[in-house]
Amino acid sequence: MGTNTIPRPQFMNSEPPRMSTTEAFNDEEYRNSNAQSPMSPYFNDPSRMSGECSPMMMSPWNQTTNSPFSKPQWSQNYDQTAPQNALIGSLVREEGHIYSLAASGDLLYTGSDSKNIRVWKNLNEFCGFKANSGLVKAIIISGQKIFTGHQDGKIRVWKVSPKNPSVHKRSGTLPTLKDIFKSSIKPSNYVEVRKHRTALWIKHYDAVSCLSLSNDKAYLYSASWDKTIKVWRVSDSKCLESIPAHNDAVNSVVCGLEGLVFSGSADGTVKVWKREQRGKGTKHEAVQTLLKQECAVTALAVNPCGSIVYCGSSDGFVNFWEQEKQFAHGGVLKGHKLAVLCLDAAGTLVFSGSADKTICVWKRDGMIHTCVSMLTGHDGPVKCLAVEEDREAAARGDPRWVVYSGSLDKSVKVWSVSEANNQIPQHMADVDSFPPSESDGSYSSSGRPNYN
């Protein structure tokens with residue numbers, strides 16, 4: 001690919017994926033990328049591990065720290081009177097890059113490359129616990145259970161003590177030792193993971209990049225840089241299926257309605273899977289390929305009613321598809337200069353966090369999306385997002401969202417965002433929303449914020 005060119009994505013029903021091995025890159029790498037250079041994020045080397053092109057490895061903010069777990073040094077800022085969209089809290093600590101967030105009610109869980117998982121309540125540290133499985137790349141909450149995915153390919157399961165909610169105890173690991181022992185007896189349970197190396201099919205042999213729960217909370221999906229998605233039954237922690245999903249690292253997996261599952265990969269594709277019951281197990285069939293492009297797919301999100309699927313990519317674009325129209329391509333959201341690293345959706349709003357250090361707030365009206373706000377304040381790439389309803393504001397008749405953003409600048413920021421984002425701020429006055437394109441019949445929305 002030539003300098004300063006962005007490949008046009010292809011939207012399709014089914015085609016073999018193309019190879020691309022990148023998750024995120026900085027300004028200089030983005031401007032000077034060259035597909036023939038081994039240093040380029042677009043260069044494909046079959047012998048290279050997927051983890052070698054992760055945001056951590058490619059980030060200029062990659063500075064390993066060894067701050068002791070027992071000595072928190074967070075600084076806090078809090079503003080009780082927030083305007084329509086505002087930063088209401090900032091948590092900064094020299095403990096490591098923030099790679100994962102999960103919110104539940106008034107609790108916030110944060111994971112970093114320090115191996116510590118901290119729990120926050122009302123912007124104050126509530127408790128914390130430590131995992132010994134590498135940096136925490138994914139966190140998901142299901143009732144009193146917390147699942148964490150790690151760089152070393154392990155998934156840890158934690159339980160909240162019924163007597164003391166500040167106490168979290170590890171209750172297991174996926175797969176369980178019992179299942180590993182039972183599987184290891186049969187040679188047929190070993191699969192080739194790379195040349196001259198085999199591993200049990202129930203285990204991830206590379207980093208766990210993402211976790212997602214089915215809507216009924218019965219199944220846990222884990223995506224990995226080992227190119228697979230594994231399906232776990234939550235009730236007994238059993239691995240039911242290993243899906244050879246993509247030709248490169250799987251960066252994101254998200255569950256939709258009616259047994260649909262969506263996956264995005266560094267190979268540039270977005271796939272749709274359909275879950276079917278097979279006796280006591282499951283079987284997932286690939287039913288559609290929504291996107292095929294040269295640059296990596298880095299993030300996925302589904303809106304609350306399950307009608308729209310969003311996809312963020314390393315080119316800085318967000319594509320979306322409409323389920324009611326058999327996943328017809330709905331358009332492209334253009335609001336970032338660098339890779340989109342995380343997505344979330346709540347109400348009629350969509351949030352995209354980027355390597356350009358900003359968060360775009362998109363307002364959806366039908367299929368038209370407009371960037372109504374740009375949240376700035378991070379000094380590094382925005383790696384993860386979590387959104388919760390502001391219940392106090394809702395009780396006052398002012399629907400708002402509490403948005404948490406984690407960054408490779410080692411900070412977590414807390415924002416108050418209004419659902420009623422109807423007015424475009426003055427500095428966003430050049431944001432346009434376009435009618436259907438004649439070429440593909442899709443809506444395209446473009447955000448061009450003023451960075452000067």
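Quick notes
- Over 18 Å [Cα-Cα, segment 314-368], rounded percent: 32
- Each distinct pair of alpha carbons in segment 85-418 adds a 1/r term; the inverse of their mean, the Kirkwood radius, is 20.2 Å.
- Overall form of segment 88-241: prolate. Here a/c, set by the Cα gyration tensor axes a ≥ b ≥ c, is 1.5 or more, and a/b is the larger of a/b and b/c.
- For segment 210-351, taking the reciprocal of the average inverse distance between every pair of different Cα atoms yields a Kirkwood hydrodynamic radius of 15.1 Å.
- Calculated FRET efficiency for the pair Arg396/His196, C-beta based, R₀ 51 Å, to 0.05: 0.20
- Ranking Lys154, Lys145 from most to least accessible surface, computed with a 1.4 Å probe over the protein chains only, gives Lys154, Lys145.
- Subtracting the Cα-Cα distance of Val167 and Lys130 from 0.36 nm times their residue separation leaves 12.1 nm of extension gain.
- Here the 3J(HN,Hα) profile of segment 217-222, calculated from phi with Karplus coefficients 6.51, -1.76 and 1.60 at θ = phi - 60°, is 6, 7, 10, 10, 10, 10 Hz, Gly and Pro shown as x.
- Integer Hz, Karplus 6.51/-1.76/1.60 couplings in order for segment 133-144, x for Gly and Pro: 10, x, 4, 8, 8, 8, 9, 9, 10, 9, x, 8
- Ordering of 110-119, 373-382 by burial proxy (mean other Cβ atoms within 10 Å per residue, highest first): 110-119, 373-382
- Applying the Karplus relation 6.51 cos²θ - 1.76 cosθ + 1.60 with θ = phi - 60° to segment 165-181 yields 3J(HN,Hα) values of x, 8, 9, 10, 10, 6, 9, x, 9, 9, x, 6, 4, 4, 5, 5, 5 Hz, where x marks Gly and Pro.
- Within segment 218-306, GluC sites (Glu not before Pro) in DSSP loop having at most 16 other beta-carbon neighbours inside 10 Å: Glu258
- In terms of accessible area, using a 1.4 Å probe and ignoring ligands and nucleic acids, Leu408, Leu177 rank largest first as Leu177, Leu408.
- Magnitude of the charge dipole for segment 85-418, about its Cα centre and with charges confined to Cβ atoms of Lys, Arg (+1) and Asp, Glu (-1), is about 1300 debye.
- Modelled label positions at Glu285 and Leu177, each set 7 Å beyond Cα in the direction of Cβ, lie 4.1 nm from each other.
The values are calculated or read from the model by the stated rules, or taken from the named source; none is laboratory data. This structure is a prediction, so every number in the text was calculated from the model and none was measured. Methodologically, a virtual Cβ is constructed for each residue, glycine included, from the backbone with ideal geometry; neighbour enumeration extends over all protein chains shown. SASA here: full protein model, heavy atoms, side chains in, ligands and nucleic acids out. Shrake-Rupley method; radii C 1.70, N 1.55, O 1.52, S 1.80 Å.
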